[in-house]
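Read-outs throughout are calculated quantities, based only on the coordinates presented, and are distinct from any laboratory measurement. Computed from a predicted structure; not experimentally measured. All Cβ positions, even for glycine, are placed from backbone atoms using ideal geometry, and neighbour counts span all protein chains on display.
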Amino acid sequence: MDRAYTLLAVKDLSGEARTFSGIASTPELDRQGDIMDPAGLTFRNPVPLLLHHNQSHPIGRVTLTATRDGLLFDATIPTVDEPGTLKARVDEAWQSIKAGILTGISIGHRVLPGGVSFLKNGARKITRAEICELSLVTIPANASATILTVKALAPPPARKDPTMKQTTSEYVTALEHKRAALAARMTEIMQGSADAEETLTDDANTEYAGLAAQVKAIDADLVKWRELDAVNAAAAVPVAIVPPARGVAAPAARPVISVKANVPPGTAFVRLACAKLLCKGNVYEAAEYARRWDDSTPEVALALKAAMNPGTTTDAAWAGPLVNYNISQDFLPLLRAATILGKISGLRIVPFNTKIPGQTAGGSYGWVGQGKPKPVTQLAFQAQTLGIAKVAGLIILTEELIRLSNPSAEALCRQDMVDGIARFLDSQFTDPTVAAVANVNPASITNGAPTAVATTNPVADFLAMVSHFAGLNVDLRGLTFIMSPANALALSFRTYADGTPQFPGLTVNGGETRGINIITSNTVGTNIIGFQPNLILYADDGGVTIDVSREASIQMDSAPDAPPSATTVFVSLWQENLVGLRAERYINWLRANANAVYYLTAAAWPAPTGMAADAAADKRAK
């Protein structure tokens, strides 16, 4: 039996009769990745009310009413006078509801044949199902909600202030609920006749005709009331905000509440990989194993669950559930932030294997006298293409390490993948010695770029780099420099004689100074790299592929033989109880213009003059 969870939105509560009503289901995406269509639900009232889906622990009865906005319920928990297990159970359930401890409703349902379809976002839409039972649970409400609102438990209707009138919207809602109840009774009458395979009796005909007349009258009233509600809404005037009196503190702004998993970024991605590892590639077992994380990362089990949906490669409904739950997106933003590429803004994003036109030369223009012929000119273009390139690495872990009995194993796997790929990409992007290899890797942006040796004057060096770009008509807007954190920190301390910072806005983490963006990375060493991001083509498929193996034999070397030779030594993962984790990311870049990059070498600037002046002043003061 399947289950669908929703918030226990209590509409009415009667203390003496122990009755309450609310919403059992809404056509929204729940935590299990399902959308339940109220129009396709079937049930036979009354439905059992259970506690935590325990069939041996019934606590009451429920009457269901299906509407277009969801499934409504009216529940009753009996009062038991005789002491015993039943009295204790029903009393505990009722006290938990009144105290607000039990706030979840779970529907136990059975999907009928042909009652499931899949949407483009991968969600499973249940169009036909039988409601078997309703349960009170402690599981939270729909994970898709950004704010969970539980209405206050209303007093019995008899205690309502008689001077309070219903609003137009409240009356429309009441009419809709009444109509839904009447329509449900009409359906029940006809269904009973169909089940008995006989025509309606006279009493049933009379009741059905009366119900139909009431529904028709309500439909006519609803048209008028909805028109009035729209008129009132259009005439509504915003409440004027009166500023607080002088000396009175303004009320704090109401915060926006959002429900998010309290786990570090990348956790879902690592848990997905670990679930596959521990279950040795068995997706069904991995999905069941991942359910232990449903309270914090339910998308892990959902992604594995979606991967088991049947279909063919030509069926669009089959591919949707597989590709939309891309948990690698949880890892990629973390990876991008850790790399130089993730810190650069303004890179020219282009697709793989697509020709990108670029202008290499402009036309010739000049003054033309009156009645003189105009010169003919031409432009020069070239097309550049970013092919598919990938960065990959193997991480070898022991079976004991990947067991998640200790949370530090998750952090270790996560941090190792982030740091390893980040260091490699940073080095490949900036190292001048990295040349392009056809169908393997791109050249670094500094490979073959013009360069010069830094002086002892950083201000002069900065001006020289800017002048280089300006002299070649390279747009200075968005100009970016990359340097080591040590050089950035040294520059941040430099001041003029009056104490004014020479490089305002610059810190050890980079920043912005004089309109130049500064990015820091230890991979550049003593180089200072300047470039115009808009002239760097950048392609990234936005996905990291994780594959695992226990049976492979690999060469434990950072530069493995290609191809292997007779002397190549392989290690059996199976024999040594190891697990190989392979991470791959398709990424490429290209310096689209020869003038896009200029860098300095051997930047070792002396002690900041401001610090020297301060030291001298301190010495004189002593």
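Which of the aspartates and glutamates could a cross-linker span from Lys87 if the Cα-Cα distance has to be under 14 Å and same-chain partners fewer than 8 positions apart are dropped?
none
Order by neighbour count: Cys132, Cys413, fewest other Cβ atoms within 10 Å first, most last.
Cys132, Cys413
Name all residues of segment 37-59 having a backbone nitrogen under 20 Å from the label point set 7 Å from the Cα of Thr85 along its Cα→Cβ direction, giving them as ranges.
Those under the cut-off are 48-59.
Take the residue pairs Lys276/Lys390; Lys98/Lys224; Lys98/Lys178; Lys280/Lys390; Lys343/Lys390 and return only those whose Cα atoms are more than 30 Å apart.
Lys98/Lys224, as the Cα separations exceed 30 Å there.
Calculate the FRET efficiency for Lys98 and Met190 from the Cβ-Cβ distance with a Förster distance of 41 Å, rounded to the nearest 0.05.
0.60
Between Met556 and Val453, take the C-beta separation as r, use R0 = 45 Å, and let me know the FRET efficiency to the nearest 0.05.
0.65
Counting other C-beta atoms within 10 Å, which of Thr167, Thr63, Thr513 has the fewest, and how do the rest follow?
So the ranking, lowest neighbour count to highest, is Thr167, Thr63, Thr513.
Would you grab the residues whose amide H sits under 5 Å from the one on His57? Only those 5+ places off in sequence or on another chain, please, with H modelled 1.01 Å from N.
Amide H to amide H, under 5 Å and 5 or more residues apart or across chains, His57 pairs with Leu51.
P(r) tail for segment 169-233, what percent of Cα pairs lie past 20 Å?
39 percent
Assuming 0.692 mPa s and 37 °C, estimate D for segment 50-114 with Stokes-Einstein, Rh taken as the Kirkwood radius over Cα pairs, in µm²/s.
Details: Rh = 13.7 Å.
Rounded to a whole number, D works out at 240 µm²/s.
Let me make sure I get this right: for segment 495-568, a, b and c are the square roots of the gyration tensor eigenvalues over alpha carbons, sorted descending. Under 1.5 in a/c it's rounded, otherwise prolate if a/b > b/c, else oblate. Which is it? Provide the component values of the computation, followed by the final result.
Details: a/c = 3.39, a/b = 2.59, b/c = 1.31.
Because a/c hits 1.5 or more and a/b exceeds b/c, segment 495-568 counts as prolate.
With θ taken as phi - 60° and the coefficients 6.51, -1.76 and 1.60, list the Karplus ³J(HN,Hα) couplings across segment 73-83 in order, rounded to whole Hz; mark glycine and proline as x.
9, 10, 10, 9, 10, x, 9, 10, 8, 6, x
Kindly put Met186, Met36 in sequence by how many other C-beta atoms sit within 10 Å of each C-beta, fewest to most.
By the 10 Å Cβ count, ascending, the order reads Met186, Met36.
Taking 0.36 nm per intervening residue step and subtracting the Cα-Cα distance, what contour gain separates Ala233 from Asn441 on full extension?
Length gained, Ala233 through Asn441: 68.7 nm.
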